[in-house]
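Visitor: Mind having a look at this structure? Questions to follow.
The values are calculated or read from the model by the stated rules, or taken from the named source; none is laboratory data. Predicted model, so just to flag it, every value in this text is computed and none were measured. We place every Cβ from the backbone using ideal geometry, glycine too, and count neighbours over all the protein chains shown. Accessible surface areas use protein heavy atoms only, side chains included; no ligands, DNA or RNA. Shrake-Rupley method; radii C 1.70, N 1.55, O 1.52, S 1.80 Å.
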Amino acid sequence: MTAWQNKPFKIEVKKNQSLSFCSCGFSEDAPYCDNSHKKRKLKITPFIIHFTKDETIYACGCRYSHNRPYCDGTHKTLKNKEA
Ligand code: FES
């Protein structure tokens, strides 16, 4: 179980790997989907990303990025908000 945080998650991904990232913000396994959206009957789906090369990504940990599931730096403006 991983909690949301006020900084990005650095993730090493592999070529041909697919990951499912939380889009509802209720996952208890941030930044990944844990099907919390289904438990809450939300009509949204996770971000499913297929990677085509080995690379390092920075997944949003604060849930406020405008480019989720990726960090866009918005967390730096959230000094008074809890992630
Ligand atoms: S962690 Fe950087 S925008 Fe959310």
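Visitor: For the stretch 1-31, what are the residues that are hydroxyl-bearing (Ser, Thr, Tyr) and at pLDDT below 95?
Guide: We begin by selecting, within the stretch 1-31, every residue hydroxyl-bearing (Ser, Thr, Tyr); these are 2, 18, 20, 23, 27.
Once the filter is applied, which keeps residues that are hydroxyl-bearing (Ser, Thr, Tyr) and at pLDDT below 95, the stretch 1-31 yields only 2.
Visitor: Go through (1) open to solvent by 30 Å² or more (accessible area, probe 1.4 Å); (2) assigned to a loop (DSSP other than H, G, I, E, B); (3) within 16 Å of the ligand (Cβ to nearest atom); (4) modelled with pLDDT of 95 or more and name the single condition residue 80 misses.
Guide: (4)
Visitor: Could I ask something else about it? If you scan the stretch 3-27, which residues turn out to be away from the ligand (no atom under 13 Å from the Cβ) and within 22 Å of residue 54 (Cβ to Cβ)?
Guide: Passing the criteria: 12, 13, 14, 15, 16, 17, 18, 19, 20.
Visitor: Here are some residues: 72, 34. Which one is near the ligand (Cβ under 8 Å from one of its atoms), farther than 12 Å from residue 5 by Cβ and at pLDDT 95 or above?
Guide: Numbers: 34 fails: near the ligand (Cβ under 8 Å from one of its atoms).
Only one candidate passes the filter, namely 72.
Visitor: Counting just the residues of the stretch 55-69 that are open to solvent by less than 100 Å² (accessible area, probe 1.4 Å), in a loop (DSSP other than H, G, I, E, B) and not hydrophobic (A, V, I, L, M, F, W, C), which one comes out farthest from the ligand (Cβ to nearest atom)? Walk me through how you get there before you give the answer.
Guide: Here is the first cut: in the stretch 55-69, the residues open to solvent by less than 100 Å² (accessible area, probe 1.4 Å) are 55-57, 59-65, 67-69.
Next cut, in a loop (DSSP other than H, G, I, E, B) only: 60-65, 67-69.
With not hydrophobic (A, V, I, L, M, F, W, C) added as a condition, the list becomes 61, 63-65, 67-69.
On the way: 61: 4, 63: 7, 64: 5, 65: 4, 67: 8, 68: 8, 69: 10 Å.
Among them, the one singled out is 69.
Visitor: Right, here's the next one. What are the pairs with Cβ atoms under 8 angstrom where one residue, in the stretch 63-75, is under 11 Å from residue 21 (Cα atoms) and the other, located anywhere, is near the ligand (Cβ under 8 Å from one of its atoms) and of a type in the set (Ser, Thr, Tyr)? Sequence gap at least six, or different chains.
Guide: Pairs that qualify, where the first residue is under 11 Å from residue 21 (Cα atoms) and the partner is near the ligand (Cβ under 8 Å from one of its atoms) and of a type in the set (Ser, Thr, Tyr), are 70/58.
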